[in-house]
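What follows is one structure encoded as structure tokens, with my remarks underneath.
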Amino acid sequence: MTTTRTEKKRLLSGMKPTGGGRLHLGNLEGALRPWVQLQDQYEMFCFIADWHALTTEAGRAESIAEASRATALDYLSAGLDPEKCAIFRQSHVPQHAELYLLLGMMTPVSWLERVPTYKEQRELMAEYEGGGAVGVSYGFMGYPVLQAADILIYRAHAVPVGKDQAAHLELSREIARRFNHLYGVDMFPEPKALISEDTGVLPGLDADANGKVRKMSTSYANAINNSDTPDEITAKLKTAFTSPTKIKKTDPGTPEGCAVCQLRRVYDPAGYQTQWEECRSGARGCVQSKRETTEILIEALAPMRERRARYEADPAELDRILHNGAERAAAAAEDTLNLVRGVMKLV
Ligand code: TRP
């Protein structure tokens, strides 16, 4: 039995619940907000890639449930609507694993060795405390195949992701093409990457070794988390990196290279230019800029804090949402898997 697909095109995306599963403003502006905007136009599936987190955090399995819930809370507080969009944990839809296994049979190892992030991550793994015992796991090498399965199991048309995922998406397309070709079918549409322009633009609150702002990232500990309270936001902005040459208020600042001015640009698109000009001319100091930007930020994030508080007050509701999301996803996934099993003569 196959369920009829709706008229809307299908979209799927997900994030790994690593580092405790808490997302930051870079994730919010680069990914979650675009998802929220897309959920009306598309049939959306937004999942939490908890198996993917295990490719680097297998030793931390005990925290995966908690981290997944934290990520789910971030999705919901950003405004993803569980009525419009299926929100679920990857591990709750085991169909992903079956397709992963089958796609693994037709994915050359040489393709996986070619993925640019592979080498990089190998080096990272060498440094990673929990990774020492395992090294680069078999599962880690299969990361892009699992990601392809995540996408293809829904026969998704497009995947909104950041630039860093472009290579993985390319591999998903190659795997889709290979399956279609090997079996002479038109099973999988080649999933298009919807790369959001804003991704990576939001800077962290610190500077790199060369005194330059760098992207906001949990691993740099320079992030404002979506779950930060107004007090935490205030404290973080107080110590944020600004223009290193602007010591006194009257010193000229360089807003392009200042974390606070960049935040101001994103969260105050109508008013930031005046602040930037006055920063440059020395009419406005960093203390004032920080105070104002803090207020703007706290205000801009108020709707998100309200939604978060509602969901936090009702953990059973979160469970229900994840359960329902998994059911909806599993129904769609099972449809695809039945077709795949048929084509591969596994029935
Ligand atoms: N690799 C993605 C990340 O690190 C997470 C992910 C897993 C994903 N499967 C996916 C993203 C499928 C989009 C589609 O963020």
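Since every read-out is calculated from the coordinates, none of them should be taken as a lab result. Just so it is clear, the structure is predicted and the values come from calculations on it, not from any experiment. Every residue, glycine among them, receives a Cβ derived from its backbone with ideal geometry; neighbour counts consider all protein chains shown.
In this simple spin-label model, placing a label point 7 Å from the Cα along the Cα-to-Cβ direction at both Lys212 and Asn338 gives a separation of 5.4 nm.
Say R0 is 45 Å: what FRET efficiency, to the nearest 0.05, do Val347 and Ala313 get from their beta-carbon distance?
On the way: r = 47 Å, r/R0 = 1.04.
Once rounded, the FRET efficiency stands at 0.45.
So for the chain, taking the charge dipole from beta-carbon charges (+1 Lys/Arg, -1 Asp/Glu), which of Thr274, Pro17, Ser63 sits furthest toward the positive end? Of the listed residues, the answer is Thr274. Once the mean 1/r over all distinct Cα pairs of the chain is inverted, what Kirkwood radius in angstroms do you read off? Every distinct Cα pair counted, the radius reaches 21.7 Å.
Given q = 0.20 Å⁻¹, what are the Debye log10 I(q)/I(0) values for region 229-300, with equal point scatterers placed on the Cα positions and solvent ignored? Results for region 229-300 at q = 0.20 Å⁻¹ read -0.73. Computed from Cα atoms, the angle from the helix 143-152 axis to the main principal axis of the chain rounds to 70 degrees. Label separation (Lys249 vs Ala235): 2.7 nm, computed from points 7 Å beyond Cα along the C-beta direction. With semi-axes defined as the square roots of five times the eigenvalues of the C-alpha gyration tensor, the equivalent ellipsoid of region 220-347 measures 47, 19, 12 Å, largest first.
Taking 0.36 nm per residue of separation and subtracting the Cα-Cα distance, what length does fully extending Lys84 through Arg177 add? Mind dumping the intermediate values first?
Working: separation 93, 0.36 × 93 = 33.48 nm, distance 2.97 nm.
Length gained, Lys84 through Arg177: 30.5 nm.
Aspartates and glutamates near Lys248 by alpha-carbon distance under 19 Å, same-chain residues fewer than 8 away left out - which ones? Answer for Lys248, where 19 Å is the Cα cut-off: Glu256, Glu277, Glu278, Glu292, listed by chain and number. Charged side chains reduced to their Cβ positions (Lys and Arg at +1, Asp and Glu at -1) give the chain a dipole of some 580 debye around its Cα centre.
How far, in nm, would the chain grow between Ala300 and Tyr138 when pulled straight, counting 0.36 nm per residue and subtracting the alpha carbon separation? Please list the in-between numbers first.
Values: separation 162, 0.36 × 162 = 58.32 nm, distance 4.33 nm.
Contour length minus the Cα-Cα distance gives 54.0 nm.
With a simple spin-label model that places each label point 7 Å from the Cα along the Cα-to-Cβ direction, the separation between Glu123 and Arg291 comes to 4.5 nm. Pairs from the table (Lys16/Lys163; Lys16/Lys215; Lys9/Lys119; Lys192/Lys236; Lys215/Lys290) lying more than 27 angstrom apart at Cα are Lys9/Lys119; Lys192/Lys236.
Working from Cα positions, state the angle (0 to 90°, nearest 10) between the long axis of helix 286-300 and the longest principal axis of the chain. Roughly 40 degrees, rounded to the nearest 10. Our summary gives the chain a relative contact order of 22 percent, counting only alpha carbon pairs under 8 angstrom and 6 or more residues apart.
About the Cα centre of region 162-237, what is the dipole size in debye to 20, counting +1 per Lys and Arg Cβ and -1 per Asp and Glu Cβ, all else neutral?
Charge dipole, region 162-237, about its Cα centre: 280 debye, nearest 20.
The angle between the Cα long axis of helix 64-78 and the main principal axis of the chain comes to about 60°, on a 0 to 90 degree scale. A straight Cα-to-Cα reach below 18 Å connects Lys84 with the aspartates and glutamates Glu7, Asp40, Glu43, Asp74, Glu317, Asp319, Glu327, residues fewer than 8 places away in its own chain not being considered.
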